[in-house]
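Okay, so here's the structure we're looking at.
The values are calculated or read from the model by the stated rules, or taken from the named source; none is laboratory data. Being a predicted model, the structure only gives us computed values, none of them experimental. Neighbour counts are summed over all protein chains in view; Cβ atoms, including those assigned to glycine, are modelled from backbone coordinates with ideal geometry.
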Amino acid sequence: MSDLLVEVDEALKAERLEKMWQRYGGFFIGFIAAIIIGTAANAGYHTWKVKQDEAQTAQYLEAVASGQYTPQELNTLASKLHGDFKHLVELQAAGLALESGNKELALEIYKRVAAATPADRTYKDLAAFMVTLHDTDLSDEERADKFTALASDEENAWRYQILLEAALVNATKLNRFSDARMQLTDILEGENIPDTLKQKAKSLDVLYALEEKNVE
């Protein structure tokens, strides 16, 4: 395809379009038309997307300008937004709901983001993590198992934070110190892990090693 583009350029410069037509026929015309249409469509979409983003940003800034906004207000605002910005505002609303003690609203929002389609999986994975962390209907064993399942996906951006929570539940709630230490080992042996997270994992591993001996 790159050779064809070079040849098109040479033909234009040498005014040999007739020769190009004889060689490539309808394909040549179709190829040029596709480039023109694709470029125009892309430019049109980009202009529309910029306007959409600007409008959404303006709505958000107006809503939070006073600093006196509730999770319900953010949740309502999110329903009027689209794409990634919608999910970001939803997550902010859920976090604010947790801070204010409205766990029911927070869980409702987190569950909605976790099930959203289409949506960036970073937001979906975070929402699923938060649902598992805060859902009081889950037993300790169910929570630990759900954390383990979420952390088994190596593409999960929150994997190491989830492993830490899984280790905490396994050790402090279920006395499954061996399982907890395996999860901590995954953190300690992982790459590009924040130092604070590794330090927590290291300290807990020392503690759980002692507890494991006591159980034996």
Reported set for the range 108-119 where residues are surrounded by fewer than 17 Cβ atoms within 10 Å (Cβ to Cβ) and either in contact (Cβ under 8 Å) with a residue 40 or more places away in the chain or touching a His at 6+ places or on another chain (Cβ under 7 Å) (or both) is A116
Checklist entry - Do we find a residue being part of a helix (DSSP H, G or I) and more than 30 Å from V206 (Cβ to Cβ) anywhere in the range 133-145? => result no
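Would you mind listing the helices (runs of 4 or more DSSP H) fully within the range 1-118 where at least 1 residues are at pLDDT below 65?
Working: elements: 2-14, 17-24, 26-64, 71-78, 83-99, 103-114.
In the range 1-118, the matching helices (runs of 4 or more DSSP H) lie at 2-14, 17-24, 26-64.
Does A157 fit the bill of being modelled with pLDDT under 95 and not polar (S, T, N, Q)?
On the way: modelled with pLDDT under 95: yes; not polar (S, T, N, Q): yes.
Yes: the conditions hold for A157.
When you go through N170, N192, N214 one by one, which is the residue that is surrounded by fewer than 15 Cβ atoms within 10 Å (Cβ to Cβ), in a helix (DSSP H, G or I) and not assigned by TED's automatic domain parsing to the domain that holds Q92? Spell out the reasoning first.
Values: N170 fails: surrounded by fewer than 15 Cβ atoms within 10 Å (Cβ to Cβ); N192 fails: in a helix (DSSP H, G or I).
Within the list N170, N192, N214, the selection yields N214.
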Across (1) outside any helix (DSSP H, G or I); (2) farther than 30 Å from L188 by Cβ; (3) touching a Leu at 6+ places or on another chain (Cβ under 7 Å), N156 clears everything bar (2)
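In this structure, is I187 among the β-branched types (V, I, T), in a helix (DSSP H, G or I) and over 28 Å from N102 (Cβ atoms)?
On the way: among the β-branched types (V, I, T): yes; in a helix (DSSP H, G or I): yes; over 28 Å from N102 (Cβ atoms): yes.
Yes: the conditions hold for I187.
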Scanning the range 139-164 for residues that are farther than 18 Å from I193 by Cα and surrounded by fewer than 16 Cβ atoms within 10 Å (Cβ to Cβ) gives S139, D140, E141, E142, A149
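Say we look at the range 66-77 and pick out the residues that are within 19 Å of K111 (Cβ to Cβ) and in contact (Cβ under 8 Å) with a residue 24 or more places away in the chain; which of these is surrounded by the fewest Cβ atoms within 10 Å (Cβ to Cβ)?
So in the range 66-77, the residues within 19 Å of K111 (Cβ to Cβ) come out as 71-72, 74-77.
Add one more test, that the residue is in contact (Cβ under 8 Å) with a residue 24 or more places away in the chain, and what stays is 71-72, 75.
Details: P71: 20, Q72: 14, N75: 21.
If we take residues in the range 66-77 being within 19 Å of K111 (Cβ to Cβ) and in contact (Cβ under 8 Å) with a residue 24 or more places away in the chain, then Q72 is surrounded by the fewest Cβ atoms within 10 Å (Cβ to Cβ).
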